[in-house]
């Protein structure tokens, strides 16, 4: 809200009104013009429905961090059709091919642009294979861009840094994806991705919450077609284990798998430890060890297997 000048009597804020036609702030008590010639930042058109507003709006699409230039440049479509949807002639097609080539060169001019273009394609590929939603992809793209700005990508594999960025984004958004799951879709090994992940966390000051086994329960259960009651029982088992301090230092995916196995046995849903281990991305030995720890420490009435 604009303020009155020092020479005039201050006007109470609740008495100041805005005259849209004149573009002035006026005191309704004294009639004093407090500020004039206000520039209207709104559109020059009016809309009475949401459909009209969307149709009349002339702004472009939002910025997209998963595209190397954030979607600010134009793209020549790969389909050889004109504005009416008709197939263009072979001669015209050669012209369009030449335009498309120069347009790609104009979009990518520096080594940083080339790095980002390659990295964003790799991020899109891995994300599609892992069924990662757009919000997590955007977070991973922001983390990777910060790494490029600080020079952390230099001398390292683009694949490794992209995979580490995706894992960091999954951890930040509490999305259940393990490092092994991400590593299996890249040429980089797990150790290299883990090293890049630790570097990103340290150098970029990325805050990552501690992994919660409960975040893995829903995804593992859905892949095994387990009931809602089994999911609730597994979460209750994990909560009891957390209160007893049994979750500290343990693989969250392994704990979730063991809790789901116990809950499935209690509810009569037959699933083997091998099946659950494969879906959770852990070894069968891990599931068996966590299973024994849980039933022994929590005194659960489940037969040992």
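The values are calculated or read from the model by the stated rules, or taken from the named source; none is laboratory data. Predicted model only: the values in this text are computed from it and were never measured. Note: ideal-geometry Cβ built from the backbone for every residue, glycine included; neighbour counts use all protein chains shown.
Cβ-Cβ contacts under 6 Å between residues 6 or more apart (or on different chains), taken from a first residue in the stretch 1-25 that is in the same structural domain as residue 38 (by TED's automatic domain parsing) and closer than 19 Å to residue 37 by Cα to a second residue that is modelled with pLDDT of 80 or more and part of a loop (DSSP other than H, G, I, E, B), are listed as 4/11; 17/28.
Among residues of the stretch 135-165 being more than 16 Å from residue 186 (Cβ to Cβ) and without any contact (Cβ under 8 Å) to a residue 40 or more places away in the chain, the one that is surrounded by the most Cβ atoms within 10 Å (Cβ to Cβ) is 139. Taking residue 91, is it modelled with pLDDT under 90 and outside any loop (DSSP other than H, G, I, E, B)? So residue 91 fits the description; yes. Looking only at residues of the stretch 71-88 that are in contact with a helix residue (DSSP H, G or I) (Cβ under 9 Å, 6 or more places away or on another chain) and modelled with pLDDT of 80 or more, we find that the one that is surrounded by the fewest Cβ atoms within 10 Å (Cβ to Cβ) is 87. Scan the stretch 14-40 for residues that are surrounded by 11 or more Cβ atoms within 10 Å (Cβ to Cβ) and in a loop (DSSP other than H, G, I, E, B) and the total you get is 8.
Here is a yes/no grid of residues against (1) assigned by TED's automatic domain parsing to the domain that holds residue 182; (2) touching a helix residue (DSSP H, G or I) at 6+ places or on another chain (Cβ under 6 Å); (3) farther than 30 Å from residue 146 by Cβ:
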{"position": "199", "(1), (2), (3)": "yes, no, no"}
{"position": "225", "(1), (2), (3)": "no, no, yes"}
{"position": "233", "(1), (2), (3)": "no, yes, yes"}
{"position": "253", "(1), (2), (3)": "no, yes, no"}
{"position": "264", "(1), (2), (3)": "no, yes, yes"}
{"position": "275", "(1), (2), (3)": "no, no, yes"}
{"position": "278", "(1), (2), (3)": "no, no, yes"}
{"position": "286", "(1), (2), (3)": "no, yes, yes"}
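Residues in the stretch 268-280 that are assigned to a helix (DSSP H, G or I) and surrounded by fewer than 23 Cβ atoms within 10 Å (Cβ to Cβ): 6 in all.
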